[in-house]
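Notes follow once the structure below has been shown.
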Amino acid sequence: MKTRITELFGIEHPILQGGMHYVGFAELAAAVSNAGGLGILTGLTQKTPAELAREIARCRERTDRPFGVNLTFLPTVTSPDYPGYISAILDGGVRIVETAGRNPEAHLLRLQGAGVTVIHKCTSVRHALKAEAIGCDAVSVDGFECGGHPGEDDVPNLILLPRAADELKIPFVASGGMADGRSLVAALALGADGMSMGTRFMATKEAPIHENVKRAIIGATELDTRLVMRPLRNTERVLKNAAVERLLEKEASLGRKIRFEDIIEEVAGMYPKIMRDGDTEAGVWSCGMVAGLIRDVPTCKELIDRIMTEAGALIRTRLGGML
Ligand SMILES: Cc1cc2nc3c(=O)[nH]c(=O)nc-3n(C[C@H](O)[C@H](O)[C@H](O)COP(=O)(O)O)c2cc1C
């Protein structure tokens, strides 16, 4: 399949793996890229730029196909060493960066000046238009369904994607709720040039996370996610568990007085315990509603091949047959 996204990134299939904290290591990113999609390492999961440089080298040992690095610009007081991370990306020869969170404008010139293609993740049309205006090459449009941070507008992809298509000139991928060939065909029909998946790629053989996490995703339905940190306007969609229930009770009881420090225990620094050690109840962790569509743990190649076969059949047979 050829779309503006396959052309832009030099990949075989219009399928991206979104950056995921403590999930987007070399094993997963390389497996996605080797399967013809675009794998993405999660920059800030590496504690220092030097560790990111090592992770890029580990990914390069595993694939000679294009892969990217996610740089999430967090609303934190003490900023990570972004210039250092960017040096690691450029020195490592990475040519694709997925930015997310805050506006990436301050870093665009340096990245694009070095030949990097930048795709910015947005949860609203206005942010996507801003990304286009500042010169991003593409955007990833994340609907309300998505795992992680869906923003505060709560617009699902059935509305958000055609709205984005109406307004944007640059290519974009649909993100949030994407799982299979049906998702891809729907995303293309709604105006996207491909799709990006997070939660679905967690339940793959190569995702270097604990089996308990994969089992939790498979066991979950579309009713099992919750939105936390809404009162702080830092909403995150997570899989419900005991820690999430505790957090939501705290949010309800503290009401408008709530500060980040009140909930830090539940939300900060828990990912290694969950993703690496498999203690899925240790804290809150991102997961999309799409868990309800995930029933197996294929390899990335099996997953991507299946998506492309299903999408082809849908377009040729089901849709074509209706005409
Ligand atoms: C466990 C997990 C961790 C994530 N961490 C990040 C992150 O560090 N930076 C980021 O930009 N997006 C992050 N995301 C969001 C994904 O890149 C992607 O946008 C989202 O998962 C898409 O929705 P889906 O899960 O329905 O496919 C994370 C998602 C999950 C599930």
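We did not get these values from a lab; they are worked out from the coordinates using the rules stated. Computed from a predicted model, the values in this text were never measured in an experiment. Ideal geometry is used to build each Cβ from the backbone, glycine not excepted, and the neighbour counts take in all protein chains shown.
Once every DSSP H run of n ≥ 4 in the chain is given -39500 (n - 2.57) and the sum is divided by its residues, what mean residue ellipticity at 222 nm do you get, rounded to the nearest 500 deg cm²/dmol?
About -11500 deg cm²/dmol.
Select from Arg65, Arg95, Arg110 the residue whose mean-square fluctuation is largest in a Gaussian network model of the chain (Cα-Cα springs shorter than 10 Å).
In the Gaussian network model the winner is Arg110.
Across the chain, how many lysine pairs, 8 or more apart or on two chains, come within less than 20 Å at their alpha-carbon atoms?
Taking the Cα cut-off of 20 Å, the pair count is 14.
Find the centroid of the Cα atoms in the range 284-304 and in the range 108-143, then give the distance between the two in whole Å.
Taking the Cα centre of the range 108-143 as reference, the centre of the range 284-304 is 26 Å away.
For the chain, what's the relative contact order in percent, using C-alpha pairs closer than 8 Å and at least 6 residues apart?
About 17 percent, as a whole number.
Of Ala106, Leu158, Gly283, whose Cα points farthest to the positive end of the dipole of the chain (charges on the beta-carbon: +1 Lys, Arg; -1 Asp, Glu; origin at the Cα centre)?
Checked the options; the winner is Leu158.
What translational diffusion coefficient, to the nearest whole µm²/s, does the range 41-82 have by Stokes-Einstein, given a Kirkwood radius computed over alpha-carbon pairs, a temperature of 4 °C and 1.567 mPa s viscosity?
Details: Rh = 11.2 Å.
For the chosen part, D equals 115 µm²/s.
Taking N as the number of residues in the range 211-289, what value does Rg over Cα atoms divided by 2.2 N^0.38 Å take?
Values: Rg = 12.4 Å, N = 79, 2.2 N^0.38 = 11.6 Å.
Cα-based Rg divided by the globular estimate yields 1.07.
Using only Cα atoms, locate the centre of the range 225-274 and the centre of the range 173-220, then give the distance between them in Å, rounded to an integer.
Result: 24 Å between the Cα centres.
Hey, can you grab everything whose amide H is under 5 Å from the amide H of Thr117? Only 5+ residues off in sequence or another chain; H modelled, so Pro and N-termini drop out.
Placed amide hydrogens put Ile96, Val97 under 5 Å from Thr117.
Collect residues whose amide H, placed 1.01 Å from N in the peptide plane, falls under 5 Å from the amide H of Thr123; neighbours closer than 5 in sequence don't count.
Asp142
Using a Gaussian network for the chain with springs between C-alpha atoms less than 10 Å apart, which of these wobbles most: Glu281, Glu249, Glu98?
In this elastic network of the chain, the residue with the biggest mean-square fluctuation among Glu281, Glu249, Glu98 is Glu249.
What residue among Lys301, Lys240, Lys169 shows peak mean-square fluctuation when the chain is described by a Gaussian network model with Cα springs under 10 Å?
Lys169
Return the loop-located GluC sites (Glu not before Pro) in the range 128-175 (DSSP other than H, G, I, E, B) with at most 16 other Cβ atoms within 10 Å of their own Cβ; answer none if there are none.
Here the sparse-neighbourhood loop sites are Glu152.
Just check the chain against the gyration tensor rule for me: Cα atoms, a ≥ b ≥ c as the square roots of the eigenvalues, rounded for a/c under 1.5, and otherwise prolate or oblate depending on whether a/b exceeds b/c.
rounded
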